[in-house]
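Asks: This is the structure I want to talk about, given as structure tokens.
Just so it is clear, none of the values below were taken in a lab; they were calculated from the coordinates. Quantities reported herein were computed from a predicted structural model and do not represent experimental measurements. Cβ coordinates were reconstructed from backbone atoms using ideal geometry, including for glycine residues, and neighbour counts include every protein chain displayed.
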Amino acid sequence: MRIEPIQADITTLDVDMVVNAANTSLLGGGGVDGAIHRAAGPELLEACRAHGGCPTGEARLTPGFGLPARWVAHAVGPRWRGGDRGEAEALASCYRAALALADQVGASSIAFPAISTGIYGYPPEKAAQVAVEALRQAKTKVEVAYLVAFDRPMLDTYRRLLGAPGAQ
Ligand code: AR6
């Protein structure tokens, strides 16, 4: 699987699957979750409601409805609590769980936001290390995984960790 860092609004990406940074209720929220629900439309909330929630470190599948993406994997990242409360393992588990859903539906492209690094307070550099490591180790039929940065510093972090050309 290729791993490509990009800076984008994840709701605009034409990929088979986008990953949402959700909470355990799966009933929406702020950040990327709010943006995905706005772009997908109200049917997304109904599809999420049918799952009846999702534990931290897992993911649940819905269609993308009004999104360009056909599928959404709603992953629940950990809240940062200092780093010694299993945060890294829970975060890595989100990436693996989303890829497992991608394989289930035969998705060949997937886009991940920087799960947990906004409202949940996970230090971006540490989260990026977990993301890159989890994706590098994954056994999957997915061909390309985009690590989507919302701002330039996050893009630079991903590029540096991935050894991408032009990285700072
Ligand atoms: N496209 C790509 N990335 C984005 C976008 C976007 N449109 N919007 C924000 N980001 P957050 P969390 C980045 O807070 O920390 C919600 O209320 C953002 O800059 O969305 O996992 C949920 O319901 C940051 O780097 O998610 C939960 O309650 C990253 O996405 C809670 O927030 C994640 O930030 C989850 O918190």
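Asks: For the chain, give me the percentage of DSSP beta bridges that are antiparallel, rounded to the nearest 5 percent.
Replies: In the chain, approximately 20 percent of DSSP beta bridges are antiparallel ones.
Asks: With Cβ to Cβ distances under 15 Å as the rule, what net charge do the other residues near CYS54 carry (K, R +1; D, E -1)?
Replies: Residues close to CYS54 contribute a combined charge of +2.
Asks: What does the net charge come to around LEU26 if you take all other residues with beta carbon closer than 15 Å to its beta carbon, with K and R at +1 and D and E at -1?
Replies: -2
Asks: Same structure, new question: Would you please give the residues with an amide H less than 5 Å from that of GLU4, counting only those at least 5 places away or on a separate chain, with H modeled from the backbone geometry?
Replies: ALA145, TYR146, LEU147
Asks: Beta carbons within 10 angstrom, averaged per residue: use that to sort the peptides 9-17, 136-144, highest first.
Replies: In decreasing order of mean packing, 9-17, 136-144 become 9-17, 136-144.
Asks: Another question, if that's okay. In vacuum, with every alpha carbon of the chain counted as one equal point scatterer, what does the Debye formula give for log10 I(q)/I(0) at q = 0.11, 0.14 Å⁻¹? Two decimals, please.
Replies: Debye output, listed in q order: -0.38, -0.63.
Asks: Tell me, how many Å apart are the Cα centres for segment 95-168 and for segment 71-87?
Replies: 13 Å
Asks: If you take every residue apart from PHE150 with its C-beta less than 14 Å away from the C-beta of PHE150, what net charge results, scoring Lys and Arg +1 and Asp and Glu -1?
Replies: Surrounding charge for PHE150 is -3.
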